[in-house]
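What follows is a single structure, written as structure tokens, with notes after it.
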Amino acid sequence: MVALLAVFGLQNLVAAHGFTPDPPPLIRAVEPLGLFLVLRAFSSGCSAMTGIEAIANGVSVFREPAARRARATMLVMGLMLASMFLAVSGLAYLYGVAPDSDRTVLAQVGLRVFGEGSLLFWALQITTLLILTLAANTAFAGFPRLAAMLAQDRFLPRQMGWIGDRLVFQNGIAVLLAATALIILVCRGDTTVAVNLYALGVFIAFTLSQAGMVVRWWRQRGAGWLGRLAINALGAFTTLVVLLVIVVSKFAEGAWTVVIAIPLLVWLLASIRRRYRRVYAAIALPAEARSRVVLPTRRDPVGNRSIVWIASLSRPSLEALRYAATVSDQVLAVWVRSEEDDTDRIRHDWQRLVGDGPGISLQILESPFASLIDPFVAFVAAQEQAHPEVSHTIVMPMAIPRYRFDSLLLNQRGINMHRALDASGNRVFTLVRYYLPA
């Protein structure tokens, strides 16, 4: 529709209107035209760039070669954005269109080109509504993926990286939904405030990413590094100027909330990662440790098999294996492998710490649909069906934290695993608790 607007507008300019711009409506100036006002207008116009960061966040979903495909997509998007921006801005300038509280600039240009009541004008309005509705979905596609990346690096609880039945990061979507509702309530539905918040966040990300690339080129100093460093340095400086202008000019309109929220958010993320390191250090095994999981010698079998869920080779897991070895004829340790897990590394650590002794073995399950719960549930059901004459005990290690907040960082997948198994049949569970030191 913007392409049709540009074609019909150019035809009107050539055939009837001419290229002499109409004077815009007179508006009483509230301040003289100075450098700050120019920078403020520049920063407002830069808001049109928001949204392109979604491609950078989603490089991992492209087919290989992912980086090259993402660059091509970014190039196409940049050309489309520049063409549409120039077409609308040029027509608005020639027709003397100015911002109006009742009608958008695009609607005013559409009225001049297509005429009021024209089907093309209404098509322009409807497609604008549809594209804005689709644009709102960008955050629901980008933020959960970004939150999952942060969770993978332990800056957020690991639940943010879980993939649901529809192969989306459902916890990230739920958090974003709640945060969006809160922002709408705080801003009272005022899109001006919300856009300022969004633009600030985007240009902080632009500035940090460009500055990070400057540091990268400076450290690597490969072929053509100086030119690339200069381009990224110019980009970082430009987006920093925009960021500062938005902060100063929009401070009273809601920008102050971001100035306060961003440092608090960074502090929260860093605190979560520090706590993860302390908690994992408390349950981790020493590098030279060897397990002493030994099955007791029995004269008569007890008719029980233990299926031990293993998420990692840690102190709670080894305690669960020790317990299972004392109450069962056979112990099956089951590890559902995630994307970042290395099968060879898992087997090497298992042989070093436990080993495949009599009556104990390790089973590594693949997760073709990104779920770490369903494969284990299916394995348990298959074992019960294959050996109906034997009773099965599902042994699950649990790290019991000393502090309430740590419960968000530990055992969440184990709790969901327990619920899934409990809901699908009559089973015997044993929770082996390992209390973390204070």
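The values are calculated or read from the model by the stated rules, or taken from the named source; none is laboratory data. Every value quoted in this text rests on a predicted model; they were computed, and no experiment measured them. Glycine gets a Cβ as well: all are built from the backbone with ideal geometry, and neighbour counts include every protein chain shown.
Being in a loop (DSSP other than H, G, I, E, B) and exposed (fewer than 15 other Cβ atoms within 10 Å of the Cβ) is true for just one of ALA181, ALA223. Which residue is that?
Details: ALA181 fails: in a loop (DSSP other than H, G, I, E, B).
When all the criteria are applied, what remains is ALA223.
Just a yes or no: is a residue in the stretch 111-126 more than 30 Å from ALA87 (Cα to Cα) and modelled with pLDDT of 90 or more?
Step one: list which residues in the stretch 111-126 are more than 30 Å from ALA87 (Cα to Cα), which gives none.
Within the stretch 111-126, none of the residues are more than 30 Å from ALA87 (Cα to Cα) and modelled with pLDDT of 90 or more.
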Would you be able to say whether some residue in the stretch 285-296 is surrounded by fewer than 17 Cβ atoms within 10 Å (Cβ to Cβ), part of a loop (DSSP other than H, G, I, E, B), modelled with pLDDT under 85 and at positive phi?
no
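Across the stretch 300-352, what is the total count of residues that are assigned to a helix (DSSP H, G or I) and of a type in the set (Ser, Thr, Tyr)? Even if it seems obvious, please write down each step before you answer.
Narrowing the stretch 300-352 to residues assigned to a helix (DSSP H, G or I): 315-327, 343-352.
After this cut, where a residue has to be of a type in the set (Ser, Thr, Tyr) as well, the list is 317, 323, 326, 343.
So the answer is 4.
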Only one of (1) surrounded by 14 or more Cβ atoms within 10 Å (Cβ to Cβ); (2) free of Cβ contacts under 8 Å to residues at least 60 places away in the same chain; (3) under 22 Å from ALA136 (Cβ atoms); (4) among the small types (Gly, Ala, Ser) does not apply to ALA70, and that is (3)
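Per-residue answers, yes or no, for (1) of a type in the set (Lys, Arg); (2) part of a helix (DSSP H, G or I):
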position: ARG40; (1), (2): yes, yes
position: ALA70; (1), (2): no, yes
position: LEU81; (1), (2): no, yes
position: ASP100; (1), (2): no, no
Among residues of the stretch 84-98 being of a type in the set (Ser, Thr, Tyr) and part of a helix (DSSP H, G or I), the residue farthest from GLY45 (Cα to Cα) is TYR93
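Given LEU5, LEU26, LEU37, LEU10, which one is over 30 Å from ILE131 (Cα atoms), at pLDDT 75 or above and surrounded by 13 or more Cβ atoms within 10 Å (Cβ to Cβ)? It would help to see each step written out before you state the result.
On the way: LEU5 fails: over 30 Å from ILE131 (Cα atoms); LEU26 fails: surrounded by 13 or more Cβ atoms within 10 Å (Cβ to Cβ); LEU10 fails: over 30 Å from ILE131 (Cα atoms).
After applying the criteria, what remains is LEU37.
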Considering only the stretch 117-126, I want to know if a residue exists there that is surrounded by fewer than 20 Cβ atoms within 10 Å (Cβ to Cβ), assigned to a helix (DSSP H, G or I) and in contact (Cβ under 8 Å) with a residue 40 or more places away in the chain.
yes
Output the residue which, of all residues in the stretch 342-377 that are surrounded by 14 or more Cβ atoms within 10 Å (Cβ to Cβ) and among the acidic types (Asp, Glu), is nearest to the chain's Cα centre (by Cα).
ASP374
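Return yes when VAL245 is in a helix (DSSP H, G or I), touching a helix residue (DSSP H, G or I) at 6+ places or on another chain (Cβ under 8 Å) and either more than 29 Å from ALA151 (Cβ to Cβ) or not assigned by TED's automatic domain parsing to the domain that holds PHE206 (or both) and no when it is not. Can you show your working first?
Details: in a helix (DSSP H, G or I): yes; touching a helix residue (DSSP H, G or I) at 6+ places or on another chain (Cβ under 8 Å): yes; either more than 29 Å from ALA151 (Cβ to Cβ) or not assigned by TED's automatic domain parsing to the domain that holds PHE206 (or both): yes.
Yes, satisfied.
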Within the stretch 240-271, how many residues are buried (at least 17 other Cβ atoms within 10 Å of the Cβ) and free of Cβ contacts under 8 Å to residues at least 40 places away in the same chain?
1
Going by the conditions given, is THR207 assigned by TED's automatic domain parsing to the domain that holds VAL245, touching a helix residue (DSSP H, G or I) at 6+ places or on another chain (Cβ under 6 Å) and of a type in the set (Ser, Thr, Tyr)?
yes
